């Protein structure tokens, strides 16, 4: 059960081959292999995202210049009201700063991305494991985490160093990963298609709610 | 290669056997290639427009004047027409001002790199729209008793991108909205046929499965706009 056999599972997982997850489940060190895979993917992704962010920075105008143009634009109602609202919304300007980080800040992707990938995998895996058990699943936590780690393979479509931050590619990869997670949960717990779907949906919803609550608390605290 | 092209042409003409024959890997590759072609056409047109800023300014002024004329034929009251026309003209001016801002790289190099980014983002944008939509169609088709697998649905559904090979033509001829409507309708027809063929459904359930996610998204969008207007 070597690294090449693990790597060979990746394209099969990308193309929704359910048997790939069954083979991952059988690996004696599925959890450790899954963690190593996501760490390597996260490192490569961090490098690609950092390059994309730097390319975006050099080809787009500064946020201060954009703010200046918005402030001095003479527009009739209702456009003027919308522009005034945009200028007041700090979160929108923060989003613009995220979409165009300075080159040194872009290097943060190198550290943040692998940690985010690993943290998201553990959180989602634990939630999906709980939901699958509630729906009659029979897999162990190690098997669930091993299979859901492989289901992170679609993030590899973002390994293009030209992609700007905050672009539709993340949405595309996220949808792909979610579909793959359903297959992973199905294989790990020997569930039928619909139960695997609901277990995955419940885990994804719970994670999204937890993140939204965390963001709200952080925003209120600030 | 000839066989692939012949099968693709038959699939575009809604041939059931041709829709069934595609594997997921070649279908996805075709989908991404078609989207990339559209992205390259869009990137080249955008770069050309940005490099000829004087002509771009003139084009914006002409568009604002055309909108003013079109609104005269609309049922809106005169003051609403005037407000709408002034807002569109102000928006186009703002767009021009933002595009004129300096960038760290500067000049033609920045435009070339930004155009390349636009081109490579296009397949991802298409994937971000197509994949969740097709997954929703798959779930609905299975709920209606469909028997197809996820791989088969995605493979046949990816062929809905085939008509979009005509999109760059629309951009070049300046009739992109018209061509876009035709290719979108043709792509939707391929998706409905693919749903029917893959899942063994009758026409009615296949059509409902294929269009419901779109109608639901439209309803949510209208609800959001209505809510925003009401809260204003």
Quick test for you: out of B:29, B:11, pick the one residue that is within 21 Å of the chain's Cα centre (by Cα) and within 14 Å of chain A (Cβ to nearest Cβ).
B:29
Report yes if residue B:165 is in contact with a helix residue (DSSP H, G or I) (Cβ under 7 Å, 6 or more places away or on another chain) and surrounded by fewer than 17 Cβ atoms within 10 Å (Cβ to Cβ), otherwise no.
yes
Of all residues in region A:39-79, which are in a helix (DSSP H, G or I), more than 26 Å from residue A:110 (Cβ to Cβ), more than 7 Å from chain B (Cβ to nearest Cβ) and touching a helix residue (DSSP H, G or I) at 6+ places or on another chain (Cβ under 8 Å)?
A:67, A:70, A:71
Okay, helices (runs of 4 or more DSSP H) sitting entirely in region A:130-222 with 2 or more residues that are within 14 Å of chain B (Cβ to nearest Cβ) and either surrounded by fewer than 17 Cβ atoms within 10 Å (Cβ to Cβ) or in contact (Cβ under 8 Å) with a residue 60 or more places away in the chain (or both), I get A:168-189, A:193-221
What do you reckon, is residue B:108 closer than 18 Å to residue A:65 by Cα, out of contact with any helix residue (DSSP H, G or I) (no Cβ under 6 Å at 6 or more places or on another chain), more than 7 Å from chain A (Cβ to nearest Cβ) and surrounded by fewer than 17 Cβ atoms within 10 Å (Cβ to Cβ)?
no
Over region B:189-206, the set of residues under 15 Å from residue B:141 (Cα atoms) and surrounded by fewer than 17 Cβ atoms within 10 Å (Cβ to Cβ) is B:200, B:202, B:203, B:204
Out of curiosity, is residue A:83 over 22 Å from residue A:181 (Cβ atoms) and either in a helix (DSSP H, G or I) or away from chain B (no Cβ under 11 Å) (or both)?
yes
Checking residue B:146 against (1) part of a helix (DSSP H, G or I); (2) touching a residue at least 12 places away in the same chain (Cβ under 8 Å); (3) touching a helix residue (DSSP H, G or I) at 6+ places or on another chain (Cβ under 6 Å), which test does it fail?
(1)
Considering only region B:131-157, how many residues are crowded, with 24+ Cβ neighbours inside 10 Å and within 10 Å of residue B:24 (Cα to Cα)?
5
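So which of B:131, B:154, B:94, B:140 is in contact (Cβ under 8 Å) with a residue 60 or more places away in the chain, within 9 Å of another protein chain (Cβ to nearest Cβ) and in a helix (DSSP H, G or I)?
None of the others qualify; the one that does is B:154.
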For residue B:178, the lone unmet condition from (1) under 25 Å from residue B:155 (Cβ atoms); (2) under 17 Å from the mean Cα position of the chain (by Cα); (3) surrounded by fewer than 18 Cβ atoms within 10 Å (Cβ to Cβ) is (1)
Can you pull out the residues in region B:39-64 that are modelled with pLDDT under 80 and either closer than 23 Å to residue A:82 by Cα or within 14 Å of another protein chain (Cβ to nearest Cβ) (or both)?
B:60, B:61, B:63, B:64
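This table checks each residue for (1) surrounded by fewer than 16 Cβ atoms within 10 Å (Cβ to Cβ); (2) within 17 Å of residue A:75 (Cβ to Cβ).
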| site | (1), (2) |
| --- | --- |
| B:69 | yes, no |
| B:72 | yes, no |
| B:85 | no, yes |
| B:88 | no, yes |
| B:91 | no, yes |
| B:94 | no, yes |
| B:98 | yes, yes |
| B:101 | yes, no |
Consider residue B:66 carefully, then state whether it is under 30 Å from residue B:186 (Cα atoms), free of Cβ contacts under 8 Å to residues at least 12 places away in the same chain and assigned to a helix (DSSP H, G or I).
yes
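The values are calculated or read from the model by the stated rules, or taken from the named source; none is laboratory data. Just so it is clear, the structure is predicted and the values come from calculations on it, not from any experiment. Positions of Cβ are backbone-derived with ideal geometry, glycine not excepted, and every protein chain shown enters the neighbour counts.
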